[in-house]
């Protein structure tokens, strides 16, 4: 039996993280599993190092006390890289099955609005805070190659220029290999490097663990199950992007409050599984609002339920905005090549993920704009459109826009993008159980907009009936769109 030693510090850390744990119990192929989510963000303990190293004349400078961490692709004198080390040895059990590991950084400054590719690399040497720079990983011990000893790379996230946005780096594969002991040490060490061409506008600055804005400090959110469980099988859609079609679903789930007055996340997850989408956009994803009082984060709960019901991994990006937690979530059966979110004015937000389908990167976005205060609606849409323009084409924009076709607010989206339902209806490929395509009462508020491009061709749009025994899971109907990706 393994001996466990508890110190007062470790007990306090355990209590602190117990409040952030999300436990889901389900069954995969008849094997019971329990999932735990922990957030590693405490400076000096769980997050052992976060710092910038810089080439050129600043190569020997220790930047470990800075309130920011930064990347830049430039000449050697200005090149910057982020170095980070997380204690996944003491906070994640050895050989745990990692469901997801997501590094979240908040952008503090950018020299341009162009998207920059930040790639995560495993760092093969154990560097030390206060002793690490471009040339040395600890005092008197030089890197084999200036700028850090780099191993395999583990994905790229494209970072735009919207200050205050949260960018997510999917480190699931890296953390899984680390906790299995493949690299010897079970500490997760990584470098974030701008792998784009040298450019004067490539500088990206994020909040560090020394930032006075505590909510913006870096964090690694890891969800895992014990080593006795079986890892989920691979998605039924190809993770290499060989699929030639993309099926998406847009749904305002009303905090899972059904027409029977019952809040039921399981019922919502079951309805999603029945439609078999590959990417899902959800609005009003709240953990505690109105008639529903939950003690868990709704987005993570639905991710867990979908994984239990489908037996495949679902990848998540979510944003909560404003008092009461008006939230949007994107869930994808495809691995994420980008993931980010952005706050809009007056308590709204937009989430983004990028997936590869048929060799092409498709950027998908989810938002929900104001209903009650009409004057806020156009401003929020304009802000969202501006931020979304920072992502490459083609794009699919989904959400509850709280406006009907023909309005000036609708035109703000329908001018730059194709309205899926209208296009499918014109082509004779639109179907709706209610005969009208309405998604909220008699109104059509929920939309799937897409880029007008030959690489993304709309095939059909439907509004399905989600009732079971006459009960709707939400006060909105979902919208399903199928695209061919050329």
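The values are calculated or read from the model by the stated rules, or taken from the named source; none is laboratory data. Predicted model only: the values in this text are computed from it and were never measured. Glycine also receives a Cβ, built like all others from the backbone with ideal geometry; neighbour counts cover every protein chain displayed.
You will find that of 460, 474, the residue that is part of a loop (DSSP other than H, G, I, E, B) and either assigned by TED's automatic domain parsing to the domain that holds residue 302 or more than 25 Å from residue 114 (Cβ to Cβ) (or both) is 474 and no other. Selection over the range 443-457 of residues that are assigned to a strand (DSSP E or B) and modelled with pLDDT under 95 gives a count of 1. Of all the numbered requirements in (1) touching a helix residue (DSSP H, G or I) at 6+ places or on another chain (Cβ under 9 Å); (2) surrounded by 14 or more Cβ atoms within 10 Å (Cβ to Cβ); (3) within 18 Å of residue 381 (Cβ to Cβ), residue 408 misses one, and that requirement is (2). Residues that are more than 15 Å from the chain's Cα centre (by Cα) and on the phi < 0 side of the Ramachandran plot within the range 285-305 comprise 286, 287, 288, 289, 291, 292, 293, 294, 295, 296, 305, listed in sequence order. Among the residues of the range 416-437, which ones are buried (at least 18 other Cβ atoms within 10 Å of the Cβ) and farther than 27 Å from residue 392 by Cβ? Within the range 416-437, 430, 432, 437 qualify. Checking each residue in the range 272-284 for being farther than 15 Å from residue 369 by Cβ, surrounded by 19 or more Cβ atoms within 10 Å (Cβ to Cβ) and either outside the structural domain of residue 465 (by TED's automatic domain parsing) or over 14 Å from the mean Cα position of the chain (by Cα) (or both) picks out 272, 277, 278.
Filtered by the rule that a residue be out of contact with any strand residue (DSSP E or B) (no Cβ under 7 Å at 6 or more places or on another chain) and more than 22 Å from residue 114 (Cα to Cα), the range 184-210 gives 184, 185, 186, 210.
Matching residues to (1) in contact with a helix residue (DSSP H, G or I) (Cβ under 7 Å, 6 or more places away or on another chain); (2) in contact (Cβ under 8 Å) with a residue 12 or more places away in the chain:
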| residue | (1), (2) |
| --- | --- |
| 96 | yes, yes |
| 116 | no, yes |
| 122 | yes, yes |
| 128 | no, yes |
| 133 | no, yes |
| 145 | no, no |
| 154 | yes, yes |
| 165 | no, yes |
| 169 | no, yes |
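Scanning the range 446-466 for residues that are surrounded by 14 or more Cβ atoms within 10 Å (Cβ to Cβ) and in contact (Cβ under 8 Å) with a residue 60 or more places away in the chain yields 446, 447, 448, 455, 456, 459, 464, 466.
Take the residues in the range 205-221 that are assigned to a strand (DSSP E or B) and modelled with pLDDT of 95 or more; name whichever of them is surrounded by the most Cβ atoms within 10 Å (Cβ to Cβ). Checked the range 205-221; the qualifying residue surrounded by the most Cβ atoms within 10 Å (Cβ to Cβ) is 206.
Among the numbered conditions (1) modelled with pLDDT under 95; (2) over 28 Å from residue 305 (Cα atoms); (3) touching a helix residue (DSSP H, G or I) at 6+ places or on another chain (Cβ under 9 Å); (4) crowded, with 22+ Cβ neighbours inside 10 Å, the only one that residue 79 does not meet is (1). Residue 367 meets all of the listed conditions (1) closer than 24 Å to residue 264 by Cβ; (2) in contact with a strand residue (DSSP E or B) (Cβ under 9 Å, 6 or more places away or on another chain) but one, namely (1).
Restricted to strands (runs of 3 or more DSSP E) entirely inside the range 85-187, those with at least 1 residues that are closer than 20 Å to residue 356 by Cβ are 97-110, 116-123, 150-159, 166-170. I'd like to know if the range 432-447 contains one or more residues that are within 29 Å of residue 162 (Cβ to Cβ) and under 23 Å from the mean Cα position of the chain (by Cα). Yes: one or more hits.
Only one entry of 393, 380 meets the criterion of being at pLDDT 95 or above and either crowded, with 19+ Cβ neighbours inside 10 Å or touching a strand residue (DSSP E or B) at 6+ places or on another chain (Cβ under 7 Å) (or both), and that entry is 380.
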